[in-house]
Each structure stands twice: as C-alpha cells, then as structure tokens.
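One structure below.
Values quoted throughout were computed directly from the atomic coordinates according to the rules given, and no laboratory measurement underlies them. Values in this document were obtained by computation on a predicted structure and should not be read as measured data. For neighbour counting, all protein chains shown are included, and Cβ atoms are generated from backbone atoms with ideal geometry for every residue, glycine included.
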Amino acid sequence: MTVTTPENREFDVVIIGAGAAGLMCAAVAGARGRRVLLLDSANKVGKKILMSGGGRCNFTNMHSTSDNFISANPHFAKSALSRYTPWDFIALVEKHGVPYHEKKLGQLFCDRSSKDIVRLLLDECDAMGVQVLTHSPASNIQLGAPLSQAASRSPHRLQTPRFSVSCESLVIASGGYSIPTLGSTGFGFDFARSLGIPVLPTRAGLVPVTLEPKQLRKLQGLAGVSVDTVTAASGAAFRENILFTHKGLSGPAILQASSYWQPGEALEIDLFPGLDLAEHIHTMQHQRPKLELKNLLGEQLTKRVAQRWCDLWLESKPLEQLGKDDIQRVVSACKPWKVWPAGTEGYRTAEVTLGGVDTNALSSKTMEARNHPGLYFIGEVVDVTGHLGGHNFQWAWASGQAAGERA
Ligand code: FDA
C-alpha cells in the first residue's frame with residue numbers, strides 16, 4: 001500500500017530506508033501485526049535493487065556462509081545468517097512465481113528483471129499493511145526513554161518533510177555511502193555517531209582499482225580484455241576474471257580483492273591459475289618446439305595481453321630457444337603479476353561500503369542497539385560486508401528479518 005499521507009502518525013515501527021534491508025524488515029514486522037511506516041528520501045523504493053546485477057538482481061547465493069562476509073567481528077553475522085538462509089529467500093521468490101536461474105558459483109539472478117524483486121517485497125509489505133512513503137527523508141530524530149520507563153508507548157519522534165511521527169521501535173536501514181547519486185549520504189553513520197555509537201572507519205568495497213598514468217600507458221590498448229586469474233590481496237584470493245579498463249583494472253576478481261586491498265599494497269594476480277607454468281613450457285618445448293612464446297601465452301592470456309607482456313617484459317622466441325633464465329622470467333611476470341594500484345574508483349562506482357556501525361554496539365540476534373532499546377541498525381549501515389555474488393543482499397534479508405522479528 002503506497003500512500004501519500006499516513007493514516008496515523010503514531011506507529012509501532014518506523015523504518016528509515018526502503019532498500020533491501022528496510023523492505024524486508026517492514027514486511028516481517030508487519031506480519032507480526034505491527035503498524036509499520038517505511039520512509040525513503042528517494043523518489044522510489046529499492047533503487048539499488050533495481051540497478052543490481054546488471055538489471056537482473058543477483059538476489060542471493062546458494063553457497064552463502066559467514067565466511068563470505070568481512071567484519072571486525074567475523075562471528076557477528078552468524079546468528080542472523082543461520083536463521084534466515086538463502087533457501088528462505090528462494091522460497092519467497094518461488095512463492096511469488098519469480099523466474100530465476102543460477103549464473104555461476106551459486107549466484108541466483110532474476111530471469112526477467114530486478115523489478116520482480118522490488119515488486120515481491122512491495123507486495124509482501126502491502127499484504128502486511130505496511131505504509132510506504134517516498135520523498136520522505138527522516139530528520140530531527142529524538143530517541144525517547146526505554147518503553148519500560150516511558151510515559152508514552154511511542155517514545156521516539158522524528159520529522160519527515162510533511163509531518164512528525166512517533167514510534168515504539170526505530171530501525172535505521174539507510175545504507176552506506178556507495179553510489180551517492182542514488183541518495184546514499186551516510187545518514188545512518190552520522191546518526192549513530194550523534195548517539196555515541198561507534199562507527200568503524202568506512203571505505204569503498206567491491207570497486208575497480210585505478211593505476212598510475214605510467215602503468216596505464218604500459219597497458220594502453222588492453223581496455224575491455226578480460227583474463228581468468230587468481231587475484232589476491234591481504235591474504236584473500238579469488239578465482240575469477242580481471243578486466244583491463246581505461247582507468248586501471250576491474251572485473252569480479254578485482255572487485256572481490258578490492259575489499260581486502262590496503263593502500264600501498266600490491267595485488268598479486270596469477271595469470272595462469274592452477275597451472276605449473278614452468279612445467280607447462282618444458283612440456284611444450286618438446287611437443288611444439290617451433291611455437292612462439294607469445295602464442296603459447298596467448299592461449300590463456302588472449303593474443304593482445306600476451307603480445308604486450310612480451311613487448312614489456314619478455315622476448316618472444318620459439319620455445320626451443322628458451323633457456324632456464326628465460327622460463328624463470330616468464331614465470332616471474334605471470335605468477336603472480338604484481339600490481340600496485342594508485343587507489344580505487346571510490347564510492348562513485350563501489351557496490352558497497354566497508355566498515356560502519358560497530359557490531360559490538362548491537363545484538364547479533366535482533367540488531368538492536370545495546371544502549372538504546374528500541375533502536376535497530378540493519379543492512380549495509382552495519383559493519384558487515386559481503387563478497388560479490390549475492391551475499392550483500394543475503395545480509396540485507398537476514399538482518400532485516402532479525403530486526404523485523406523483534407522491532
Ligand atoms: P540501500 O542503500 O539499498 O537502501 C538504503 C535506502 O535508504 C535508500 O533507498 C536511501 O534512499 C534511503 N535513505 C538514506 N538516507 C535516508 C534518510 N535520511 N531518510 C530516508 N531514507 C533514507 N548486492 C548483491 O547481493 N547482489 C547484487 O547483484 C548487487 N549488485 C549491486 C550493484 C550496484 C551497482 C550496487 C551499487 C550495489 C550492488 N549490490 C549487490 C549491493 C547491494 O545493493 C547493497 O548491499 C544493498 O542494497 C544494501 O541494502 P540496504 O537496504 O542496507 O541499503
């Protein structure tokens with residue numbers, strides 16, 4: 001039910017942010033008979049869901065476990081994730097007749113459009129009597145005393161542009177900083193800080209990396225080429241493609257590694273994953289002695305990358321002419337190729353914000369703030385960040401469900 005003015009300005013639950021986490025929380029709280037108001041500052045709900053997965057929303061991952069998440073407290077997400085699993089969301093998707101498929105590595109996408117997921121969530125909210133208001137940034141929030149000590153059943157107050165509301169439970173589902181053009185302002189971080197709730201340092205995650213102009217010049221002309229790799233940063237390694245871009249490097253392996261990469265560190269990119277390259281060259285020297293090195297490398301790296309590697313660091317000659325040192329040079333240039341990024345493309349293109357509201361300040365069971373009864377934080381605003389591949393939505397659903405069961 002989308003309304004222009006709420007029927008009642010006193011609610012059991014007010015949720016700030018109608019993204020993935022807020023929509024899920026609203027439907028779950030509504031199903032408990034709670035009077036729920038869901039506010040969003042944007043002109044429509046679920047904007048990130050709509051643009052996710054290239055318009056097809058990678059809504060969960062069948063293999064999602066707590067190992068797919070980054071947090072200062074790696075145990076925090078376990079409770080919510082184990083109580084609302086990918087299969088619970090898949091059941092919801094099937095209940096609504098949304099067609100979907102596995103793309104790869106357990107990643108589930110809509111067959112038609114991300115709109116199916118937003119529609120599903122809005123239909124759930126509608127069925128549970130949730131009131132949804134867009135164009136409604138929340139401001140001037142005043143937390144009341146805990147319910148046990150409060151004079152009113154709706155101790156918390158806040159302002160929307162058109163009226164003020166009061167509520168028993170307030171849920172912050174306002175996301176992080178990523179993609180500011182979609183309305184991400186870091187509102188939830190500022191609000192948490194204003195209450196003295198610690199916010200761990202934030203930075204862009206699942207984001208392309210940029211290279212220095214000198215390095216970029218060396219790679220000029222390769223933009224658009226992708227290569228299968230194992231890419232590692234700070235001890236985390238991902239078997240996926242990298243993609244050369246005009247600004248640096250992207251592709252799933254780079255996005256995954258970017259969430260672990262620290263400025264000043266190298267990315268270690270194994271261009272021949274799962275292959276003993278020296279051994280392979282030795283074998284080929286016997287089988288195809290006249291084959292040029294660049295053509296052998298090109299079978300894995302693509303012709304363009306292999307040619308560039310030979311121009312920059314190696315000498316392409318027939319395999320039969322390669323000595324021990326030549327082979328060692330090839331291995332050093334490829335296993336791994338070490339790259340020192342200048343930085344990342346930042347929040348402008350990042351899929352997620354790393355860091356956020358310190359999980360030590362929250363209950364892992366309910367997402368309620370320990371020192372502020374009736375206040376909850378869910379989704380991306382919390383210091384829990386998923387790997388690429390549907391894990392971030394799974395966290396939004398699971399944390400939304402956890403808070404919705406209690407708020
Ligand atoms: P989200 O940011 O979705 O929602 C927060 C809402 O709060 C917004 O609607 C905002 O307008 C509103 N808001 C902010 N301040 C407010 C205020 N003061 N008052 C009222 N409302 C306010 N993940 C995944 O698992 N699979 C995928 O395929 C993708 N793909 C993808 C693509 C792109 C381009 C991006 C940027 C991100 C993804 N992600 C993803 C990540 C995923 O989108 C992200 O983790 C979730 O949307 C986070 O959900 P939240 O509900 O926490 O925040």
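Results, tabulated for the structure shown:
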quantity	calculated
Over 20 Å (Cα to Cα) - which of Lys214/Lys317; Lys218/Lys247; Lys290/Lys324 fall in this group	Lys214/Lys317
Where trypsin sites (Lys or Arg not before Pro) fall in DSSP loop in segment 265-330, at most 15 other Cβ within 10 Å	Lys290
For segment 63-172: span of alpha carbons on each principal axis (Å, largest first)	52, 33, 21
Antiparallel bridge percentage (DSSP; both residues within the chain; nearest 5)	70 percent
Net lengthening on full extension, His75/Gln215 (0.36 nm per residue, minus Cα-Cα)	46.5 nm
Label point distance in nm, Arg304-Arg239, each placed 7 Å from Cα along Cα→Cβ	2.7 nm
FRET efficiency, Ala278 to Ala91 (Cβ-Cβ, R0 51 Å, nearest 0.05)	0.55
Sequence ranges 383-391, 22-30, 187-195, 58-66, ranked by mean other-Cβ count within 10 angstrom, highest first	22-30, 383-391, 58-66, 187-195
FRET efficiency for Lys365 and Ala266, using Cβ-Cβ distance with R0 set to 51 Å, rounded to 0.05	0.80
Full-stretch length increase - Asn43, Arg9 - with 0.36 nm per residue and alpha-carbon distance subtracted	10.1 nm
Rounded to 10°, Cα long-axis angle of helix 324-334 versus longest principal axis of the chain	20 degrees
Segment 155-274: radius of gyration over Cα atoms, expressed as a fraction of 2.2 N^0.38 Å	1.49
For segment 116-144 versus segment 335-407, the gap between their alpha-carbon centres in whole angstrom	20 Å
Loop trypsin sites (Lys or Arg not before Pro), segment 77-163 (other Cβ atoms within 10 Å of the site Cβ: 10 or fewer; DSSP)	Lys104
Whole-Å semi-axes of the ellipsoid equivalent to segment 209-344 (Cα gyration tensor, √5λ, descending)	27, 15, 12
Estimated [θ] at 222 nm from DSSP helical runs (n ≥ 4, -39500 (n - 2.57)) normalised by residues in the chain, nearest 500	-8500 deg cm²/dmol
The chain: most fluctuating residue of Thr283, Thr302, Thr229 per GNM, C-alpha cutoff 10 Å	Thr283
Crossing angle, helix 277-287 versus the chain [Cα axis fit, 0-90 degrees, rounded to tens]	40 degrees
Coil-residue GluC sites (Glu not before Pro) of segment 296-377, DSSP, other Cβ within 10 Å capped at 15	Glu315
Highest-MSF residue in the chain out of Gly356, Gly196, Gly205 [GNM, Cα springs under 10 Å]	Gly196
Spin-label proximity, Thr185 to segment 7-31 - amide N less than 15 Å from point 7 Å beyond Cα toward beta carbon	16-18
Under 5 Å, built H, 5+ apart or other chain: amide partners of Ile15	Leu37, Leu38, Leu39, Val171
Reference-scaled alpha-carbon Rg (2.2 N^0.38 Å with N residues) for the chain	1.15
Partner lysines for Lys48 [C-alpha distance under 23 Å; skip if fewer than 8 residues away on the same chain]	Lys95, Lys103, Lys104, Lys115
Distance (nanometres) between label positions extended 7 Å along Cα→Cβ at Phe163 and Leu312	6.1 nm
Rounded tilt (10° steps) of 303-312 against the dominant C-alpha axis of the chain	70 degrees
